[in-house]
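The values are calculated or read from the model by the stated rules, or taken from the named source; none is laboratory data. Everything numeric in this text was worked out from a predicted model, so none of it was measured. With ideal geometry, Cβ positions are generated from the backbone for all residues, glycine too; neighbour counts draw on all protein chains shown.
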Amino acid sequence: MGQIEWAMWANEQALAAGLILLTGGIVAVAGQFKGWYFAAYSIAAGVLVCLLEYPRSKRKKGSTMERCGQKYLTAVVKLLGPLTRNYYIRAVLHAALAVPAGFLLSTILGTVCLGIASGIYLLAAVRGEEWRPIEQKPRERPKGGGTMKPPPSNPPPRPPPDARRKQPELGGQVNPIPVEVE
Amino acid sequence: MALSWRSWLANEGSKHLFLFFWLSLNVWLFGKTFLLYNQGLQYYYLHQMLGLGLCISRASASVLNLNCCLVLLPMCRVLLAFLRGSQKVASKKTRRLLDKSKTFHVTCGVTICIFSVLHVAAHLVNALNFSENYNEEFVTLNAANYRGEDPRKLLFATVPGLTGVIMVLVLFLMCTASTYAIRVSNYDIFWYTHNLFFVFYMLLMLHVSGGVLKYQTNLEEHPPGCFNPNKTLRQNLTVPKAFEELFPDYTTEPFPEDPLVPEPFVQNRFMRVCSEEPKFQSHFPETWFWISGPLCLYCVERLYRYIRSNKPVTITSVISHPSNVLEVRMVKDDFEARPGQYVILHCPRVSALESHPFTLTMCPTDTKATFGVHLKVVGDWTERFRDLLLLHSNQDTEILPIFQQRRYPKLYVDGPFGSPFEESLNYEVSLCVAGGIGVTPFASVLNTLLDGWKCYKLRRLYFIWVCRDIESFRWFADLLCTLHNKLWQENRPDYINIQLYLSQTDGIQKIIGEKYQALNSRLLIGRPQWKLLFDDIGATVGYNSSNSYGTRFEYNKESFS
């Protein structure tokens, strides 16, 4: 139990709660239920919660699975600095966002779920967890120039490269045994 | 093209057929229940009050019944291991379906979540309709106490409502903790929340005992829409739609002058006069029938597993291998296992609540009762376990061996449970691919072959093991060399084709050890080239086999998260 990262679970819950708020709100607005202003609010709250919770935090040790396309939202969430990094603030924010949606029957489930997520975020904050952005590792480009050698300039048959360097040609053939032209 | 179609059919065909069958069953149940509540006469007045919400909530409830029943069955591991082992009961195709038991459990779980959302939404609408369409005529049919009662009271102050709300919360907790990301990173959260399923089932039993929705029992004496002479004419007589469609002119007059030939029961109904008031009765909770069977089966199985694993094992030796791997050998009375199976280890001194699965690397045989596991130290449980074991074995170097056994921590073994790797010996040619510590199921297969290789259907084993670190190969280097030598001695050197791959080459050391020459010559650097391997194996098998239709590859795999 010692190494559980509660924030990850709270993140999943908050994302699900955001979607529930969104769905409940859309249904109530479409059906023009009594008190549909609460539903309109819950749509907005749902969208905000989903956007905030979409980027997953980096785990303390081990690799983290990113959500698809989260890097764009990570850049935005990172900008807000301590407001998003601190989980106490997130817990309070979620609790506050959840309350107004509790007045309408179709969004009350979203309220309860977001409330539970807020509670788990509080637990994570107490245990000192923080939101850390997942940075993109700079891809090392393979250096193509180093391994590729230029093609040979002379036609075959070619002596090995070492032989060419050790015996520089003087423009003519060097005979090992002196030849007398008769 | 023909080869890949036949391979697909062999690998995926039965799984998709089973899925199609399950899907059709769900669709049929949904449709049947929907039509029953939409058209059934015994629900006529209820349908008037609640409308479409009644049909959707009941239809989704019947799908939920089915899936809550089925979701428990893939988790009965002892039963599945038994089915896998008994060759008479299960053919190879059925065993391949058993490999997908966890996927089926997940599918049923997701279906439960989706239909719960539908069921809750429909019941919310029902609560509103119960409140607004309070029926003064048939008071017992109502769930509300008066017209316009706050629907939230219906939701939170009744037994079905309250249990339903708590079940939704439990489902929410279980669902959010079961995602792949959480299982991979914090398995504990998944495990502890998933054990809330028991609370879910108990609440479900209570939820259906409320009996809020009632059906009419006396259809003969009071066909719905019949004429009640005692009622005043000022009341709006609502008649069934079927009646309205056939006799649009006569809906206000109960006795037409020129009756056409209508459907028999409409004629009977409209001719008839109600002889008595309708009587309503609650359903017997059919959910109890659906879920009691699997729940009892699962509880019996857990009890059996607990009794079976209650006797601690005796640890005979603990060997430390390079790259953080520990081998533990132990004995236990009446323990039988087949190669490829796994056990769950529980050590109270390490953790009172956690238990972890490990594949057996050595199974007990007729001559030798020792069995063993290889475990890689990655997390806190395995670290503490290793520290406890090695601490004890270090202390007892001067004491007689018999005392060593008494100092080891108590270890309980639950299992063995089946896995797809048991199939390796049932094919003529097996290609076993392993990465790192994932080689453990194949190690038990190799140990079994070491005892006797002639009695199995297997004629050739291609063994491909990919590791990052060269020291990892030493875990089973002795086993591989011994098997290789034995097969050479018995004149079957081509029985096993060993290929070892080292995927990371930053070390200078490229040999496993001086005495493992057979393995050093089979060590390749880099990752395996699969296309070449498959072409090679396919050509060999195709050439050797008598049928000319080519080679069929059947794929057995296991996922660990």
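Numerical summary
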read-out	value
Condition check for B:Glu490: surrounded by fewer than 16 Cβ atoms within 10 Å (Cβ to Cβ) and more than 39 Å from the chain's Cα centre (by Cα)	yes
Only listed residue being more than 30 Å from B:Pro151 (Cα to Cα) and among the aromatic types (Phe, Trp, Tyr), chosen from A:Tyr37, A:Tyr121	A:Tyr121
Number of the condition not met by A:Pro55 [criteria: (1) assigned to a helix (DSSP H, G or I); (2) surrounded by 24 or more Cβ atoms within 10 Å (Cβ to Cβ); (3) within 14 Å of chain B (Cβ to nearest Cβ); (4) not hydroxyl-bearing (Ser, Thr, Tyr)]	(1)
Qualifying residue in region B:198-207 (condition: at pLDDT below 90, part of a helix (DSSP H, G or I) and either over 30 Å from B:Val273 (Cα atoms) or more than 21 Å from the chain's Cα centre (by Cα) (or both))	no
Unique residue being among the β-branched types (Val, Ile, Thr), more than 11 Å from chain A (Cβ to nearest Cβ) and touching a residue at least 24 places away in the same chain (Cβ under 8 Å) when the list is B:Val159, B:Val168, B:Val184	B:Val159
Segments classed as helices (runs of 4 or more DSSP H), wholly inside region A:59-137, with at least 3 members that are surrounded by 21 or more Cβ atoms within 10 Å (Cβ to Cβ)	A:87-98, A:108-126
Odd one out for B:Ile291, checked against (1) touching a strand residue (DSSP E or B) at 6+ places or on another chain (Cβ under 9 Å); (2) in contact (Cβ under 8 Å) with a residue 12 or more places away in the chain	(1)
Single residue of A:Gly2, A:Gly62, A:Gly110 found to be modelled with pLDDT of 90 or more and within 27 Å of B:Tyr192 (Cβ to Cβ)	A:Gly110
Among the residues listed as B:Leu500, B:Leu523, B:Leu411, B:Leu446, the single one being more than 33 Å from the chain's Cα centre (by Cα) and modelled with pLDDT of 90 or more	B:Leu500
Given (1) out of contact with any strand residue (DSSP E or B) (no Cβ under 8 Å at 6 or more places or on another chain); (2) assigned to a helix (DSSP H, G or I), number of the condition B:Asn491 does not satisfy	(2)
Residue among A:Gly102, A:Gly119, A:Gly115 that is farther than 28 Å from B:Val184 by Cβ, within 14 Å of another protein chain (Cβ to nearest Cβ) and not hydrophobic (A, V, I, L, M, F, W, C)	A:Gly102
Among (1) in contact with a helix residue (DSSP H, G or I) (Cβ under 6 Å, 6 or more places away or on another chain); (2) modelled with pLDDT of 85 or more; (3) among the aliphatic types (A, V, I, L, M), the one test that A:Val27 misses	(2)
Check on B:Thr193, in a helix (DSSP H, G or I), of a type in the set (S, T, N, Q) and more than 11 Å from every other protein chain (Cβ to nearest Cβ)	no
Residue that is in a loop (DSSP other than H, G, I, E, B) and surrounded by fewer than 17 Cβ atoms within 10 Å (Cβ to Cβ), where the choices are B:Glu137, B:Glu149	B:Glu137
Any hit, region A:3-26, residues being more than 10 Å from chain B (Cβ to nearest Cβ), under 22 Å from B:Leu128 (Cα atoms) and surrounded by fewer than 19 Cβ atoms within 10 Å (Cβ to Cβ)	yes
Scope region A:70-84; condition closer than 21 Å to A:Ala17 by Cβ and away from every other protein chain (no Cβ under 14 Å); matching residues	A:Leu73, A:Thr74, A:Val76, A:Val77, A:Leu80, A:Leu83, A:Thr84
